[in-house]
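Here's the structure we're looking at; comments come further down.
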């Protein structure tokens, strides 16, 4: 029996989690019924846990940006030990407001809430002072954004997603390690989107 379809918080190898103790789920391949599991990561070993439940909670305290790689072993209805699963991982996001070092920026004009505006474009150039092993872009916006690094788009469509912007704004995490060079340009196009436009969820209003 082997653990397959491994998910953390219902996502495959997610980045940017903010759940303090993420939940791990899996399904079984081979055998009839799981009777035990064991999860092993760099810092934690669950040991053999006798249960047919196909989920577990990661119990250790995690910090912003921490990446946890793990694998799972199962036992079937006969008590036979299966092979290890394929490696899986999850990575934490920014867990405290103080961990954000960025500041909100906007176009150089006064906003009239009754007007629609063309897309704003922002650009930031930067250079690497040393070789890096990993790099993440944490980004959000009030509106819809499209982000690129060195001409390569990195953002998901329709980001950051609709929320009640007065209370909560989602952010995304992107692995940009492979895109970085000695000299780099981060460009972001920002449109009004649901933030400053009409939204059927709350009626036709301009925020």
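The values are calculated or read from the model by the stated rules, or taken from the named source; none is laboratory data. Small disclaimer: the values here were computed from a predicted structure and weren't measured. When we count neighbours, we look across all protein chains shown, and the Cβ atoms used for this are built from the backbone with ideal geometry, even at glycine.
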### Message
Checking residue 80 against (1) surrounded by 14 or more Cβ atoms within 10 Å (Cβ to Cβ); (2) at pLDDT 95 or above; (3) over 16 Å from the mean Cα position of the chain (by Cα): exactly one of these is not met. Which one?
### Response
(1)
### Task
Name the strands (runs of 3 or more DSSP E) wholly inside segment 119-172 in which the number of residues that are more than 22 Å from residue 101 (Cβ to Cβ) is 1 or more.
120-127, 144-149
### Message
So, in segment 33-42, how many residues would count as being out of contact with any strand residue (DSSP E or B) (no Cβ under 7 Å at 6 or more places or on another chain) and under 18 Å from residue 86 (Cα atoms)?
### Response
0
### Message
Quick check on segment 165-177. Is at least one of its residues surrounded by 13 or more Cβ atoms within 10 Å (Cβ to Cβ), outside the structural domain of residue 13 (by TED's automatic domain parsing), in contact with a helix residue (DSSP H, G or I) (Cβ under 6 Å, 6 or more places away or on another chain) and modelled with pLDDT of 90 or more?
### Response
no
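Looking only at segment 118-150, which residues are in contact (Cβ under 8 Å) with a residue 24 or more places away in the chain and surrounded by fewer than 15 Cβ atoms within 10 Å (Cβ to Cβ)?
Those that are in contact (Cβ under 8 Å) with a residue 24 or more places away in the chain and surrounded by fewer than 15 Cβ atoms within 10 Å (Cβ to Cβ): 119, 121, 123, 124, 125, 126, 127, 128, 132, 133, 134, 150.
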